[in-house]
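S.K.: Below: one structure in structure tokens.
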Amino acid sequence: MITPEQRDQVPLCGAKKKNGELCRAFAGQGTKHPGSGRCKFHGGNTPNHDKRAVTMDLKRRMVTMGEPIEDVTAVSALLSELYASTGHVAWLRQQIADMSEDALATIEGQAIIRLYDSERDRKARIAKLCTEAGVDEAAVRVAEAQVTILGQALSRACDTAGLSAEMRKRVGAALREELAAAQTKPQAALAA
């Protein structure tokens, strides 16, 4: 039970009453879904309100996995949405896998299945947008630019350290070996 002191921390029903004022009862008060949706006086116990409250609660829990990011480019935004949607699909898939047949037949089970289908569609749309926007090509350009910056910084560091031409060749050869080894490690991990 929610106390009056907690009223400011808990969402309210918010339905419009006959006198035009907004209902100040707690969201979901007197229903199977306290904290979400309408109160029992404003239809909160109807099947449609139960479904909406469950869906709202699931979306709230799903969205809490991420935080706002300020330094975003169009490419990183698309990729971020693709990664998030992929994570949401995996989470919802696990929720469904953990539920019994009887649980899947409940309102919450049906809401999870609807969200799962919706999120899978979103993931496919975002993947298509990534392809159309040339995200892979942009990622290659970014990687090439990073390698150029790294090479220039390494060259300046060798100048600052006063390395001879012979030492620069040795550093370059060692760096190529390390990069080649680092490149084969992810491929070996994928093959395992």
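S.K.: Got a sec? Which of 123, 40, 59, 51 is assigned by TED's automatic domain parsing to the domain that holds residue 17, basic (Lys, Arg) and surrounded by 11 or more Cβ atoms within 10 Å (Cβ to Cβ)?
M.R.: Working: 123 fails: assigned by TED's automatic domain parsing to the domain that holds residue 17; 59 fails: assigned by TED's automatic domain parsing to the domain that holds residue 17; 51 fails: assigned by TED's automatic domain parsing to the domain that holds residue 17.
Result of the check over 123, 40, 59, 51: 40.
S.K.: Name the pairs whose Cβ atoms lie under 6 Å apart, with the first residue in the stretch 43-72 and at negative phi, the second modelled with pLDDT of 80 or more and of a type in the set (Asp, Glu), and 6 or more positions between them or separate chains?
M.R.: 54/108
S.K.: Please count how many residues of the stretch 21-65 are among the hydroxyl-bearing types (Ser, Thr, Tyr) and in contact with a Lys or Arg (Cβ under 7 Å, 6 or more places away or on another chain).
M.R.: Restricting attention to the stretch 21-65, the residues satisfying the condition of being among the hydroxyl-bearing types (Ser, Thr, Tyr) are 31, 36, 46, 55, 64.
Pick out the ones that are also in contact with a Lys or Arg (Cβ under 7 Å, 6 or more places away or on another chain) and you get 31.
Summing the residues that are among the hydroxyl-bearing types (Ser, Thr, Tyr) and in contact with a Lys or Arg (Cβ under 7 Å, 6 or more places away or on another chain) in the stretch 21-65 gives 1.
S.K.: Please state which one of 104, 115, 163 is touching a residue at least 60 places away in the same chain (Cβ under 8 Å) and either within 30 Å of residue 47 (Cβ to Cβ) or surrounded by 14 or more Cβ atoms within 10 Å (Cβ to Cβ) (or both).
M.R.: Values: 104 fails: touching a residue at least 60 places away in the same chain (Cβ under 8 Å); 163 fails: touching a residue at least 60 places away in the same chain (Cβ under 8 Å).
115 is the lone residue from the list that is touching a residue at least 60 places away in the same chain (Cβ under 8 Å) and either within 30 Å of residue 47 (Cβ to Cβ) or surrounded by 14 or more Cβ atoms within 10 Å (Cβ to Cβ) (or both).
S.K.: Check the stretch 135-157 and report whether any residue there is surrounded by 15 or more Cβ atoms within 10 Å (Cβ to Cβ) and either touching a Lys or Arg at 6+ places or on another chain (Cβ under 8 Å) or at pLDDT 85 or above (or both).
M.R.: First pass over the stretch 135-157, keeping only residues surrounded by 15 or more Cβ atoms within 10 Å (Cβ to Cβ): 135, 138.
Filter once more, so that each one left must be either touching a Lys or Arg at 6+ places or on another chain (Cβ under 8 Å) or at pLDDT 85 or above (or both): none.
Looking for residues that are surrounded by 15 or more Cβ atoms within 10 Å (Cβ to Cβ) and either touching a Lys or Arg at 6+ places or on another chain (Cβ under 8 Å) or at pLDDT 85 or above (or both), one finds none in the stretch 135-157, hence no.
The values are calculated or read from the model by the stated rules, or taken from the named source; none is laboratory data. Since we're looking at a predicted model, the values are computed, not measured. As a convention, Cβ positions derive from the backbone with ideal geometry for all residues, glycine included, and neighbour counts pool all protein chains shown.
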